[in-house]
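The values are calculated or read from the model by the stated rules, or taken from the named source; none is laboratory data. Since this is a predicted model, take the numbers as computed values, not measurements. Every residue, glycine as well, gets a Cβ built from its backbone with ideal geometry; the counts of neighbours run over all protein chains shown. The protein model used for the area step is the full one, side chains on, heavy atoms only, and it has no ligands, DNA or RNA in it. Shrake-Rupley method; radii C 1.70, N 1.55, O 1.52, S 1.80 Å.
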Amino acid sequence: MSKKKTSKNEQIHNLEKRQMEREILLSSILTDDQLYMTYETSELGFTTEQAEEILDEKGANIISQAKPQPWILKLLLSFTSPFSLVLLLVAAVSFITEVVISHSSSWATIIIILSLVFISGIVQFIQESKSDNAAKKLKEMVSSNAAVLRDGQIAEIPMSDIVPGDIVTLSAGDMLPADLRILSAKDLFIGQAALTGESEPVEKFAQIKSPPKTVLEGANMGFMGTNVVSGSARAIVIATGNRTYLGLLAKELTGAKAQTNFEKGISDVSGMLLRLMLVMVPIIFIVNGLTKDSWISAFLFAMSVAVGITPELLPMIMTSTLAKGALTMAKRKTIVKNLSSIQSFGAMDILCTDKTGTLTEDKIILEKYLDIHGHDDRGVLKHAFLNSYFQTGMKNMMDLAIIERARKENHMDWFRTYRKLDEIPFDFNRRRMSVVLEDETGKRQLITKGAVEEMLKICNFALFQGAAQPITDNLRREALEISHRLNERGLRVIAVAQKNEVSDVGVFSVADESQMVLLGFVGFLDPPKDSAKQAIQALKNHGVRVAVLTGDNEKVAVTVCSKVGLDADEFLLGSDIEFMDDETLKAAVERINLYSKLSPAQKARVVRIMQENGHVVGYMGDGINDAPALHQSDVGISVDSAVDIAKESAHIILLEKSLMVLEEGVIEGRRTFGNIVKYIKMASSGNFGNMFSVLAASVFLPFLPMLPIQILTQNLLYDFSQIAIPLDRMDDDYIKSPQKWNAKGIARFMYIIGPVSSLFDILTFLILYFAFKYNGRDFSPSFFQTGWFIEGLLSQTLIVHLIRSVKVPFIGSRASLPLLLSTSIVSLAGLALPYTFIGNALEMSPITYWYIPCVFAILLLYALAVQAIKTVYVKKYSEWI
């Protein structure tokens, strides 16, 4: 794939994006007073009149969309693909030659060609009509009210009326109405998984110690489309509408994308056939005009050849082959939104995917329970279980994982000897929670679990080998090292502590969380799927490399990758990619399989760079942050449970988020593509050979080697013989590696195999010529034309079986039953045609008995020659189909 040229619109968009990023990074380091000065506001916000003026100047806080094309224009553009234009040209030529000049009432060829173009265009129109909904989904996400300071009072106003400089208040459950800089915050946690892929809420602060490296890492910044999980805050609006991060993301989705591998392949093949037609047809016209003394007949014949060399069934073959692939994939829990993406599936050699739910189970399990020295300790599990079991309210994922681990180890009876007296709820400030229990003897116990750093602050002792020891600096360092070591392995770690000296009071408070004994640690992990390693190896065996693009942290991602067999010794962070130029990144993507803490734009950039390196890239994702990469990829894959924006941007929807399903899709894509290429190579090589045969016959014969109507009839019969190609099978060797469009390979195949058929056509001409000469018969053009019609049709039908597989036909590889039937029926029909009233109408003559053995001898020699050339061709070019 050639290097992508940046359009003027893209340059403007990139400038806007860089400016937006600079403004956000600048806003993150300004003081409150500097912010007020920058946005000409104050801590009391705007007055209603000021806000209205700014709204008139800046526009509403909505994400605008590009004006959609009228449906009639979309419909017309669906018929402007290069190949459709070639067919429309052929239809126009057929109208001139068969209706206008010949004054014939035969519209069959014209109707067939136009019907094929119509069906192909309508299918494309229906598919493309679904592709512009992605930005609309983003817009619908942010339709609500927000609490804003107006006239010194908090007022609920529509989000669309918010302007830069507004002071907004946030509380749990609120959606952020714009891009914000936090001015003050209390236990503020923002859920921004949709933008970054981080599964856990991110704590936000008013003040930060150092400026962020990337936009989304700003700990004092909030973004439109994310939501407040807990806590409260006051913030100033720094960007609205299209100037927000989400707005720029929507703009990327509405922009044009590069041609996919499928689209480029079709365009290249169509262009090749058109150029061939423009070169050869005039030559045939001139030669016949000079040798036959009838320029009108020569023109009619040349135009018939133009029709004959065009594989009219290509749109139908492609559509039916892709549709069959879609039906097959539907049975395997895969919905195909865009038929052409099936071929891209087969051509894909890199699959980029997120981590959560694809490589992992998308659920937390308790992986480790360790004492303060890092040894397994069931007592730690017991106290963690008692804390989680007795806490009230909604249990989080870690609580459920602790209880599930106790259940698996048959310890659910641990709770039976205890009753709860009280609890101290969790809050994001202290990041821990406690329960007060009493056992059957009346002994009381306070059990606490929480973040390691916070737990060490309240622990003065540590339990080791049944005895409580004072926590020394060495023990504290060792505890932190154990926690860090588990973090490095991708585990989330919390500490567990307890104390037995609990006061006899009815109500307990945070003050009781002191002088505690540290018991140990519990580590949690989102485990890899059992099938992930097998699926990655299966994809690798089929030539597909898997790369992980995630917004999550690199430590977790490295651990998961190592467990599923992906090499993640080297990885790139979003902050690294931000400062890499394209050439440096192009070299990096060839060796790196893991990319962490990526922004949505960075994901799309990695995909684009891979494409510019010549790869066909698939992308699998299910969040808002995946939408640009899905849009950029050759084949975007999402899941039924994904957010709407991801599903709208994808080409393929999986009903089961599994890489095993993808492997099946890859195989079906290659099978589908192989059958399409079969038809193109059969049709193009056969038709190219016929042109040489026609040219040779035109030079030496005083009459046309075949009448125009006979050429068209032969071409339609030949096309019918191939109508079952979508139902054919592919050799196992073919589907083991990615298959891409290769117009040069198709042209090379056509130039080599086509003339072979011409040699045997010329042999047929000689047999027919000498048969006339030595049998003392009049040199009948009708007999000659009929003889070549039969030999040409049978040889073209035979080539179906010779080309469809690299193996020996009928022995090493046998066609499917429908294809065997269609080719057999056409061959028999061709032999019988001269003896029918239809043959008479086509000005054919019955052939003599001796000619049939000659034809079969020619066909045998032809088959042996093609098989010999096939062996040499495969050895030299390492390909056939």
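Having 2 or more residues that are farther than 23 Å from Ser575 by Cα is the bar; report the helices (runs of 4 or more DSSP H) wholly within the range 471-563 that clear it.
473-488, 532-541
Any chance you could count how many residues in the range 477-512 are under 18 Å from Asn460 (Cβ atoms) and of a type in the set (A, V, I, L, M, F, W, C)?
8
Condition first: modelled with pLDDT of 90 or more, open to solvent by less than 40 Å² (accessible area, probe 1.4 Å) and either in a loop (DSSP other than H, G, I, E, B) or touching a Ser or Thr at 6+ places or on another chain (Cβ under 7 Å) (or both). Can you find one or more residues in the range 41-56 that meet it?
yes
Of all residues in the range 18-40, count the ones that are assigned to a helix (DSSP H, G or I), of a type in the set (D, E, K, R) and open to solvent by 70 Å² or more (accessible area, probe 1.4 Å). Talk me through it step by step, then tell me what you get.
First pass over the range 18-40, keeping only residues assigned to a helix (DSSP H, G or I): 18-29, 32-38.
Checking the rest, the ones that are also of a type in the set (D, E, K, R) come to 18, 21-23, 32-33.
Adding the requirement that they be open to solvent by 70 Å² or more (accessible area, probe 1.4 Å) leaves 18, 22, 33.
Total meeting the criteria: 3.
In this structure, does Val517 turn out to be modelled with pLDDT under 90, within 30 Å of Ala497 (Cβ to Cβ) and touching a strand residue (DSSP E or B) at 6+ places or on another chain (Cβ under 8 Å)?
Answer is no for this residue.
Can you tell me which residue within the range 265-298, out of those that are open to solvent by 30 Å² or more (accessible area, probe 1.4 Å), within 48 Å of the chain's Cα centre (by Cα) and modelled with pLDDT of 75 or more, is farthest from Val694 (Cα to Cα)?
In this case the residue turns out to be Arg275.
More than 18 Å from Thr823 (Cβ to Cβ), surrounded by 24 or more Cβ atoms within 10 Å (Cβ to Cβ) and out of contact with any His (no Cβ under 8 Å at 6 or more places or on another chain): which single residue out of Val694, Val699 fits that description?
Every option except Val694 fails the conditions.
Determine whether Asp761 is surrounded by fewer than 18 Cβ atoms within 10 Å (Cβ to Cβ) and either acidic (Asp, Glu) or assigned to a loop (DSSP other than H, G, I, E, B) (or both).
So Asp761 does not fit the description; no.
Somewhere in the range 530-540, is a residue within 19 Å of His373 (Cα to Cα), within 31 Å of the chain's Cα centre (by Cα) and open to solvent by less than 20 Å² (accessible area, probe 1.4 Å)? First the steps, then the outcome.
Step one: of the range 530-540, the residues within 19 Å of His373 (Cα to Cα) are none.
Checking the range 530-540: not a single residue is within 19 Å of His373 (Cα to Cα), within 31 Å of the chain's Cα centre (by Cα) and open to solvent by less than 20 Å² (accessible area, probe 1.4 Å).
Kindly check whether there is at least one residue in the range 500-513 that is under 24 Å from Asp362 (Cβ atoms) and crowded, with 21+ Cβ neighbours inside 10 Å.
There is no residue in the range 500-513 that is under 24 Å from Asp362 (Cβ atoms) and crowded, with 21+ Cβ neighbours inside 10 Å.
Return the pair list, or none, for Cβ contacts closer than 6 Å from residues in the range 799-822 that are in contact (Cβ under 8 Å) with a residue 40 or more places away in the chain to residues that are among the aromatic types (Phe, Trp, Tyr), at least 6 apart or on different chains.
The qualifying pairs are Val806/Trp880.
Quickly run through the range 148-194 and pick out the residues that are free of Cβ contacts under 8 Å to residues at least 40 places away in the same chain and assigned to a loop (DSSP other than H, G, I, E, B).
Gln192
Take the residues in the range 388-414 that are of a type in the set (Phe, Trp, Tyr) and buried (at least 17 other Cβ atoms within 10 Å of the Cβ), then tell me which one is farthest from Val510 (Cα to Cα).
Tyr389
Here are some conditions: (1) at pLDDT 90 or above; (2) assigned to a loop (DSSP other than H, G, I, E, B); (3) farther than 29 Å from Glu656 by Cβ; (4) not aromatic (Phe, Trp, Tyr). Asp569 meets all but one. Which one does it not meet?
Of the numbered conditions (1) at pLDDT 90 or above; (2) assigned to a loop (DSSP other than H, G, I, E, B); (3) farther than 29 Å from Glu656 by Cβ; (4) not aromatic (Phe, Trp, Tyr), the odd one out for Asp569 is (1).
Mind counting the residues in the range 788-812 that are under 19 Å from Val874 (Cβ atoms) and either part of a loop (DSSP other than H, G, I, E, B) or open to solvent by less than 10 Å² (accessible area, probe 1.4 Å) (or both)?
Qualifying residue count for the region: 12.
Please find, among Lys382, Lys420, the residue that is at pLDDT 90 or above, open to solvent by 50 Å² or more (accessible area, probe 1.4 Å) and not in a strand (DSSP E or B).
Working: Lys420 fails: not in a strand (DSSP E or B).
Result: Lys382 is the single residue among Lys382, Lys420 that is at pLDDT 90 or above, open to solvent by 50 Å² or more (accessible area, probe 1.4 Å) and not in a strand (DSSP E or B).
Being open to solvent by 10 Å² or more (accessible area, probe 1.4 Å) and under 16 Å from Asp622 (Cα atoms) is the filter here; which residues of the range 337-362 pass it?
Of all residues in the range 337-362, those open to solvent by 10 Å² or more (accessible area, probe 1.4 Å) come to 337-340, 349, 354, 356, 361-362.
Matches in the range 337-362: Lys337, Asp354, Thr356, Glu361, Asp362.
From the set of residues in the range 439-464 that are part of a strand (DSSP E or B) and buried (at least 19 other Cβ atoms within 10 Å of the Cβ), which is modelled with the lowest pLDDT?
Result: Leu463.
Consider Phe784 against the criteria (1) free of Cβ contacts under 8 Å to residues at least 60 places away in the same chain; (2) crowded, with 21+ Cβ neighbours inside 10 Å: it satisfies all of them except one. Which criterion is unmet?
(1)
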